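J.: Below are the structure tokens for one structure; questions will follow.
The values are calculated or read from the model by the stated rules, or taken from the named source; none is laboratory data. Computed from a prediction, not measured in an experiment: that's the story for all the values here. Just the protein is used for accessible areas: all its heavy atoms, side chains included, with ligands, DNA and RNA removed. Shrake-Rupley method; radii C 1.70, N 1.55, O 1.52, S 1.80 Å.
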Amino acid sequence: DLINAAIPGGSNNLMVINLIKMLKKIKPKLIIMSWTSLLRKSFWKNGNVVMWGQYSPGVCFDEDRIWEASYNNYMENDIQHQWDFKLLKDQVDLICKFANIPVWHITMWDMFSFDKSIDKFIWHNPNPSLEQTARDGWHPSIQLNNNIYNYWLQKK
């Protein structure tokens, strides 16, 4: 059985939260973490996710004046995004180690060149023989996802 726990528009930190929730109910044979853009962030308000993705100040925060400079500095700080991601990935690795579940880290985003331990499947590289993007022109196609699955089967 395959469980797709993806949430459209979700962020990496939301993925870790969902992994923890899932592991309270089931113990899978393998976990594949398909990491998304480093710029997608989940924000919390009153215990709920109020937004994800990259939005301008004011969408999540009530006072633009207070948050605008901090937000802009944060969004432009690649090192901070990489550090935030490394902490999330370390959490997943530790959780899976204690649960005795193998984990495979993959991404389809080209901003992960700083982490050599993640298998990269960058779909916007030109390849005329492979339909690489979905109908929206941005997300990976079913064919590309199938190729990733077949790659995993060969690797295993």
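J.: Just to verify a number: what accessible area does Ser113 come out at with the full protein assembly present, 1.4 Å probe, Å² rounded to tens?
T.: Rounded to the nearest 10, the figure is 80 Å².
J.: Report, by chain and number, residues whose modeled amide H sits under 5 Å from the one on Phe43, excluding near sequence neighbours (fewer than 5 apart, same chain).
T.: Amide H neighbours of Phe43, under 5 Å, 5+ apart: Val50, Met51.
J.: Moving on. How much length would be gained if the chain were fully extended between Asn4 and Lys86, taking 0.36 nm per residue of separation minus their Cα-Cα distance, in nm to one decimal? Provide the component values of the computation, followed by the final result.
T.: Details: separation 82, 0.36 × 82 = 29.52 nm, distance 2.30 nm.
Stretched fully, the Asn4-Lys86 segment lengthens by 27.2 nm.
J.: Pull out the extension gain between Asp115 and Leu39, defined as 0.36 nm times the separation in residues minus the alpha carbon to alpha carbon distance; nm, one decimal.
T.: Net length gain for the segment: 25.8 nm.
J.: Using each residue's phi in segment 25-30, evaluate 6.51 cos²θ - 1.76 cosθ + 1.60 at θ = phi - 60° and report the 3J(HN,Hα) Karplus result to the nearest Hz, with x for Gly and Pro.
T.: Per-residue couplings from phi come out as 10, 9, 10, x, 7, 7 Hz.
J.: Ordering Val103, Val92 by accessible area with a probe of 1.4 Å, largest first, what comes out? Could you put the intermediate results ahead of the total?
T.: Numbers: Val103 45, Val92 0 Å².
Most to least solvent-accessible, the answer reads Val103, Val92.
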